[in-house]
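This report concerns only the one structure given below.
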Amino acid sequence: MEKQAILAISVFLLTYGFIISEKVHRTIVAMIGGIIMLALGIVSQETALHHIDFNTLGLLTGMMIIVAITGETGLFKYIAIIAAKKAKGDPLKILFSLAIITAVSSAFLDNVTTVLLMVPVTFSITRQLKVNPEPYLITEIIASNIGGTATLIGDPPNIMIGSAVKELSFMSFINNLAFISAVTLVITLSILLLIYRKQLKTTEDLKSGLMSLDEKKELKDKVLLKQSLIVLGLTILGFFLHQLLHLESATVALGGAFILLLLTSKTDHDLEHAFSRVEWTTIFFFVGLFVVVSGLVETGIISSLARSAIAFTGGDIKVTAILILWLSAIASAFVDNIPFVATMIPMIQDMGLMGIADLEPLWWSLALGACFGGNGSLIGASANLIVAGLAAQEGTHISFMRFFFIGFPIMLLSVLIATIYVYIRYLAV
């Protein structure tokens, strides 16, 4: 077993190393890491399948399909143009408006999907105003990670935690995380507006050009829009009621997706087009990671880490919660928060078996640390990498260090706010 444990750690660290280096696409690295775990006999294929969280995968896939079809209606461009016109074409007010739209959308559509929709809209507005798109993109990354913290479906780490801990419902996430996310968002946006206030200036002529845009022309298909909004509304209602209905969140999301496909797909091409918009690279990245982490679980490494953490904190729930919050934040800043959370979930579950009776403060600490920590660097969260990739396609390079100098201090501040919140709400007894 000791030899297997050393092999599992070696494969895990090599996988992480390659993910951080970005020399090879992270999905390829994660899948190869998982295959090596199987090939070395560290876990069997059947055991590995049990460790793959199909609820997380189903929820992500379902929401991606719904949002992809809704995006075809032009709804998101329509909302962005209205927001820009409400701001009277002022670049700084538009920055604030787009950030709020990104944060709210991230809470209910998931942040990966939201940034896929927001980045093209952002470029069309910044081109019109002839301003640097980078402040908008960096602000949207930060807003998406903070907004996504508020709900079960907003950020992949929350999806994973909600899937692993059945007692935590959609409403539990809103009750415990929405308020602190909103407070953090307001403080963060105030700082970003202060940072970018001198950079974002345009001419009155360019403002007039933006004000003359007709947002109604963006709504391409009124029937599809109506169908999409009804299904999206019912799906979100399903998330609120999923525990009452005894349905997993993946069942709700996939149910909504396939009802919408039933209503809108007239030909094979329509169906294929909807499926082509799913971020399959993200889905397979999850699959590979679940298998890699299964090697650590099955060889007892995760249990050992949990025992060590409890020994370090003396089993004190206060110290353990704050340790998890800061460890999650700092680690998630430099390692994509998805693999980190995949490693932490079984560790916290093992802590429950070792004497910590109430694990709830630990789950909220993990969620806040991982989601807020994603703002610490450009590789901290999936949404960050997607925005950077889309920006590069448009000719805008967001450098690692430029993002770091903005994102990391904001991340530290947001985690400090979260620490005060966690202590007052859960630990000050």
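The values are calculated or read from the model by the stated rules, or taken from the named source; none is laboratory data. Because the structure is a prediction, the values reported are computed rather than measured. Cβ coordinates were reconstructed from backbone atoms using ideal geometry, including for glycine residues, and neighbour counts include every protein chain displayed. All accessible areas refer to the heavy atoms of the entire protein, side chains included, with ligands and DNA or RNA removed. Shrake-Rupley method; radii C 1.70, N 1.55, O 1.52, S 1.80 Å.
Couple of notes before you dig in:
- Per the listing 390, 385, the residue uniquely in contact with a Lys or Arg (Cβ under 9 Å, 6 or more places away or on another chain), open to solvent by 10 Å² or more (accessible area, probe 1.4 Å) and closer than 18 Å to residue 135 by Cα is 385.
- Selection of helices (runs of 4 or more DSSP H) fully inside the stretch 24-100 by the criterion of at least 2 residues being open to solvent by 50 Å² or more (accessible area, probe 1.4 Å) returns 26-39, 45-51, 75-86.
- Selection from the stretch 169-207 of residues that are hydrophobic (A, V, I, L, M, F, W, C), open to solvent by less than 20 Å² (accessible area, probe 1.4 Å) and more than 19 Å from the chain's Cα centre (by Cα): 192, 200
- The single condition among (1) among the polar types (S, T, N, Q); (2) outside any helix (DSSP H, G or I); (3) under 21 Å from the mean Cα position of the chain (by Cα); (4) closer than 21 Å to residue 123 by Cα that residue 384 does not satisfy is (2).
- Top-ranked residue of the stretch 101-131 - restricted to ones that are touching an Asp or Glu at 6+ places or on another chain (Cβ under 6 Å) and surrounded by 24 or more Cβ atoms within 10 Å (Cβ to Cβ), ranked as farthest from residue 271 (Cα to Cα): 102
- Of all residues in the stretch 249-259 being open to solvent by 10 Å² or more (accessible area, probe 1.4 Å) and of a type outside the set (A, V, I, L, M, F, W, C), the one that is farthest from residue 235 (Cα to Cα): 251
- Subset of the stretch 407-429 that is among the aliphatic types (A, V, I, L, M) and under 19 Å from the mean Cα position of the chain (by Cα) - its residue that is farthest from residue 359 (Cα to Cα): 410
- Of all residue pairs spaced 6 or more apart or on separate chains, those with beta-carbon atoms under 6 Å, a first member in the stretch 180-195 that is under 16 Å from residue 140 (Cβ atoms) and a second member that is of a type outside the set (A, V, I, L, M) are 181/149; 184/414; 192/139.
- Residue 163 at pLDDT 90 or above and either crowded, with 19+ Cβ neighbours inside 10 Å or under 18 Å from residue 236 (Cα atoms) (or both): no
- Conditions (1) part of a helix (DSSP H, G or I); (2) at pLDDT below 90; (3) among the β-branched types (Val, Ile, Thr): number failed by residue 153: (1)
- Any hit, the stretch 328-342, residues being more than 27 Å from residue 374 (Cβ to Cβ), open to solvent by 60 Å² or more (accessible area, probe 1.4 Å) and modelled with pLDDT under 85: no
Okay, residues lined up against (1) closer than 19 Å to residue 109 by Cβ; (2) hydrophobic (A, V, I, L, M, F, W, C):
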| residue | (1), (2) |
| --- | --- |
| 249 | yes, no |
| 259 | yes, yes |
| 266 | no, no |
| 278 | yes, yes |
| 281 | yes, no |
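- Total residues in the stretch 208-242, condition assigned to a helix (DSSP H, G or I) and open to solvent by 30 Å² or more (accessible area, probe 1.4 Å): 18
- The lone criterion from (1) polar (S, T, N, Q); (2) more than 19 Å from residue 374 (Cβ to Cβ); (3) open to solvent by less than 10 Å² (accessible area, probe 1.4 Å) left unmet by residue 139 is number (2).
- Qualifying positions in the stretch 315-327 - at pLDDT 80 or above and over 15 Å from residue 372 (Cβ atoms): 316, 317, 318, 319, 320, 323
- Number of residues in the stretch 260-296 that are open to solvent by 30 Å² or more (accessible area, probe 1.4 Å), in contact (Cβ under 8 Å) with a residue 24 or more places away in the chain and over 25 Å from the mean Cα position of the chain (by Cα): the value is 1.
- Checklist (1) over 23 Å from residue 152 (Cα atoms); (2) of a type in the set (Ser, Thr, Tyr); (3) surrounded by 18 or more Cβ atoms within 10 Å (Cβ to Cβ) applied to residue 399, failing item: (3)
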